[in-house]
Each structure stands twice: as structure tokens, then as C-alpha cells.
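Worksheet for the structure shown next.
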Amino acid sequence: MKLRANLIIGGALFALAILVGVLAPWLAHTDPVLDANLLNAEEPPGWTWWFGTDDQGRDIYSRVVYGARVSLTVGIVSQLINSVIGVALGLSAGYWGGWWDDVVNALTNVMLAIPSLIFALAIMAVLGPGLTSLLIALGLTNWSFTCRIARASALSLRSQGYVQAATVLGYGDLRIMITQLLPNMLGPIVVIGTLGMGSAVLSEAALSFLGLGVRPPFPSWGSMLSDARDQITTAPWLSVFPGLAIFLTVLGLNLLGDGLRDILDPQSRSRRT
Amino acid sequence: MTGAPLIEVQDLRIDLDNGSRRVAAAEGISFRIDRGETFGLVGESGCGKSITALALIGLLRQPLSIGGGVIRFDGQEIQHLSAARQRDLRGNRIAMIFQEPMTALNPVSPVGRQIAEMFVLHKGKSWREANKLAVEALASVRVPAPERRVNDYPHQLSGGMRQRVMIAIALACSPDLLIADEPTTALDVTVQAEIIELMRNLCAERGTAILMISHDLGLVANVCRRVAVMYAGRIVEERGSADIFRAPSHPYTQGLVASLPRLGSRAALGRSRLKEIAGVVPAITSFPEGCRFNPRCANATDICRTVVPMADALEAGGLVRCHHHA
């Protein structure tokens, strides 16, 4: 079998990001918030300060390491919320059809028509900044693609022989959806979910950049970028490293999503056999 | 026949609603099946045999619906039962197997789990018990090494094996009635015989009645005690299966029997053309008046073109729907 470079590189990058986030207390050299020392302000990257220091003398490396926790939490949890909402709505709409399908379709169209970041901004404005509201805001605004995919899969799967057989064998609607339809549509859902995680990481960065994310001084990659924009000419390392972290994580997630699609897509699977 | 029948269908009518008007896709369907009996329903594609089966298990979907008549299962009228009550019957007391063993199993779930699910769903067993029962069920349909096979996915099994698994699923709850809709059409002839034999034996052990639906008159007559022949949405003849071959009464049945190829007939009769029934099956929206077989019938007279024949009882037992039956 052909070596799947995208799957391996993507998986490795994502695993690395998770590892860094989990092991942050051991990997970080200093406390990301408390260890500010103005005597070390704006040191360029070197042996002591791997990624340099910011204008308050905090270690950028430690802050990037801790920032992984926020970015990944937001990426994974908010996408999970999106997937659950999207699958629940799309699956039931595709399976039942009728007025429920119309309602879900209308809702999906509305969600697709509003730019999700603007919608998330509006929700954040109501809930106020912070990690929980970030999770809610991003978790409620990006389910439309998952919903579309789930609905389309349910529509094509519900006429399959085994779904009809399950009806004949006395399965209830819910049981059919969970045991017959869901496992058969999981491939594309997982792919969309992985790609969605990447965009959730980006959205977190964008919202934090706008000052609506995690409250300072606790680091997140987006808020670090936001803080660094005044010094981008004098101390470029302040923006380069968190930017690089975002870039690598999102790249990893996108490669992982592509790789998963390659192995999970039934069409490419049948092409191999 | 003694005792109450297991299932009794009286004057069942199935409507097809094609937007502008309703037409009867099947009408005047009446038959009964006793406990443990084997009953065959034979007819060409589109004659209404499969929708009759769907009506029995309450699964007619738009544009089809029950337009009238009574379906009595175990003494209880089931055509107006609530969806939940009908669901309790399905799989538990009435099971069904399909002609496509390739697609009737969930591709992402091990076969053992799909069998076990029946015990969990209808018998309230725990998954542990159900998994044990699944191994037994797989052994009962003579799948070799069942304790290993339960972990196989459908694509790892051959067509015959899959149909065995389907039978195991259908018979898991020892239903009273097994509806077999063309159970062997997709299989090799040798495998067909095995599967039919297996199905018959298992049903006989459990006292399960079989309603077998097929276009293969020979197969049905072989398996079933009684056979009903359907043509264009009506049962035209219902007989004991030996009688139907020996002395078919309805011209359509006569045509069917005459058109069966016989092994060795060429040696006995010389090179002769296989008999056929002239004409084609009428479309569902343009059934002819009177007897629906009249345009293709050699004996058709004026009454056949105007009056719908009633189902007459034959002296030798059975029913026939023809004005001119012997």
C-alpha cells in the first residue's frame, strides 16, 4: 500500500500539538503569566529564550506551549459540539424528510448565509469574553457543513437494503439512525470534523485577536498575535512563533483530514480493492 | 383445516396514489396461512406480490397504501395497529428475508452483532447473553466455526453465507411467520437448494409458517403446500401445489405451467419451441375491464371482457378466478 504522507505528517503534527498542550507544565521553562521580568523585555530568540521574550519579559516559548491548551481545547470541543448538532439535525432530517427536513434545511441555509465569524462575534458580544463563551460561540456556528453532509448521507443510505431490512426486523427510528445510518456515514463526518477543527483553531485566533477570546494575561495564540502587532517591526519573534504554531496546527489538521478522507472515502476504498 | 389461521387476509386492496388519481395496484386479495404451513405467492414482476407482503408487515409507504380489506394475524386485526405495536410484531412474530443478501446486511457491523441485536431488541436480553445466542443462531444455520464467524463483517462472507446470516437474523426470535421474498434469486443454483432446504428445516423445527414469494413456480411448488398465483394485482388461482402442476385451472396458470422448460423434453418431443403466453402484462394504470387476463386469453368471450370473475371454489379444493374454468 502506498505510504500516505499527508495522513502521517498531519497526524504527527496534530499529535505533537496535543502532546505539547498536555505536557505544557513540564515543557515550559517559566510560568506563562507570572514570570514577567522587565529586565528581560524583548530579548530576541537565543539559547536562554528559545523563542525570545515579549515586552513584559515573559518567555514566548512558554506562552506558546501553554497557548496550545486554549487553541486545542477550543478546536476540539467546539468542533465536537458542531459535529453533534450537525449530525443530529442532518441525520434526522435526511431520514425523516417531510416538514422536519424543510425546517432543518431552512436553518442550515440561514447559518450558511450569515458569515460564521460574525455570528460567533455576536454571540460573544452577548456572552462576554472567556473560554466557555468561546466554546459556545464557535460550537453553535459551524455545524452547517456537517449537517449538509449528514443529511445527504442519510438520504442515500435510507434506501439501502440493510436499512429497509432493519425496518422489517422491527427496529425503531432512533435505533435505525444510530446503528444503521450513523456508522455508515462516519467517514465523511470525521473528515469534515477534522477540517473543522482547523478552522475552529483559526477562528479562536481571530476572536482572541479581536480581544474576545481568552482573557489576558493568560496566553492564547490569537491573543499573543494581537498583543504582538505593535512590535511587529521591532520584535518580529513575538508574532512569528504563535503564528507558526497556528500555521502548523491548522496545516496538520488539514493534512490529517485529507488523509482520513483518502482512507475513509468509500470510492477511493473501492478503487484500491 | 382446523383451528384459527395464523394469518388471514380478506379482500385486501392496495392503492397506488399517483398524484392525480388512485388506482388499485392489488385488489380482492384473500388467503389464509395456518400455523406452520408453507404458502407460496407466485407471479410476474409487478403483479403485486411484494406489495402484498409489505402490507402484511405494515410497511407500505407513499404512494402505496392499504385501500381496504382486513389482515388478521393470530386473531387480531393488524392493518390499523399503531406504528409502535406494528414494530413489536415485525422481527419478533413476523420476520422477512429479502432477495438481496448482498445489501441486506449492514456493511460496518459484524454479523454476530446484527444477530445479537434482535435478541436485545425483541427479547430484552443483555448484550452478553445476546452475543452467546448469536453464536448458537449462527451454528443453527450451519455456518462453520460460528464462534469465529460472528466477528466477520458481511463483505468477508460469500452470498450463500450472507443469506444464512439473514435467515439466522430472521429466525432469531422464532417468529410465527417468515416472509421470504425471492430468497434465492441472487444465489447459485446449488446454493439455492441448500438455502431452501435449510429454511424449510429450521421453520419446521420452530413451527414457523412460511409465506414464500417468487416468480419461480417450480421452486414454490417444491417448498410450499399451497400456492396462489397472482396476475395483474389479483389472485387468479389458489391450489395445493401438486394440483397446480397436474391440473391448472386458470388459463394463466396453464400458460405458466406450459411455459416451464422440462428437462429431457427435447429428446421426447423433438425440437419444439418453448410455449409462451402471447401478449404482455397490462400496465397498472390501464388494467382491462372484466377479467384482467382477457386480452391474452385464448378462451376469452364477451363476459370475460365485461364482468370481473369471482373466486370460485373448485371441487378438488382450491379457488380459481375464471368464468370458464373446468
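A few points about this structure:
- Residue selected from the stretch B:101-114 under the condition over 25 Å from B:I66 (Cβ atoms), touching a Gly at 6+ places or on another chain (Cβ under 9 Å) and buried (at least 22 other Cβ atoms within 10 Å of the Cβ), by the criterion nearest to the other protein chains (Cβ to nearest Cβ): B:L105
- Residues of the stretch A:132-147 that turn out to be over 20 Å from A:V110 (Cα atoms) and in contact with a Gly (Cβ under 8 Å, 6 or more places away or on another chain), as a count: 1
- Test for B:I71: is it within 14 Å of chain A (Cβ to nearest Cβ), at pLDDT 85 or above and out of contact with any Phe, Trp or Tyr (no Cβ under 9 Å at 6 or more places or on another chain): no
- Residues in the stretch B:58-95 that are outside any helix (DSSP H, G or I) and either exposed (fewer than 14 other Cβ atoms within 10 Å of the Cβ) or among the basic types (K, R) (or both): 11 in all.
- Considering residues of the stretch B:79-100 that are of a type in the set (D, E, K, R) and either out of contact with any helix residue (DSSP H, G or I) (no Cβ under 8 Å at 6 or more places or on another chain) or within 15 Å of A:Y171 (Cβ to Cβ) (or both) only, the residue farthest from the other protein chains (Cβ to nearest Cβ): B:R85
- Of all residues in the stretch B:117-133, those being more than 11 Å from chain A (Cβ to nearest Cβ) and touching a residue at least 24 places away in the same chain (Cβ under 8 Å) number 3.
- The stretch A:124-172, subset of a type in the set (S, T, N, Q) and not in a helix (DSSP H, G or I), residue nearest to A:A200 (Cα to Cα): A:N142
- Any hit, the stretch A:188-204, residues being in contact (Cβ under 8 Å) with a residue 24 or more places away in the chain, more than 15 Å from the chain's Cα centre (by Cα) and within 14 Å of another protein chain (Cβ to nearest Cβ): yes
- Hey, A:T179 in a helix (DSSP H, G or I), at pLDDT 85 or above and within 14 Å of chain B (Cβ to nearest Cβ) or not: yes
The values are calculated or read from the model by the stated rules, or taken from the named source; none is laboratory data. Computed from a predicted structure; not experimentally measured. Using ideal geometry, Cβ is built from the backbone for each residue, glycine included, and neighbour counts are taken over all protein chains shown.
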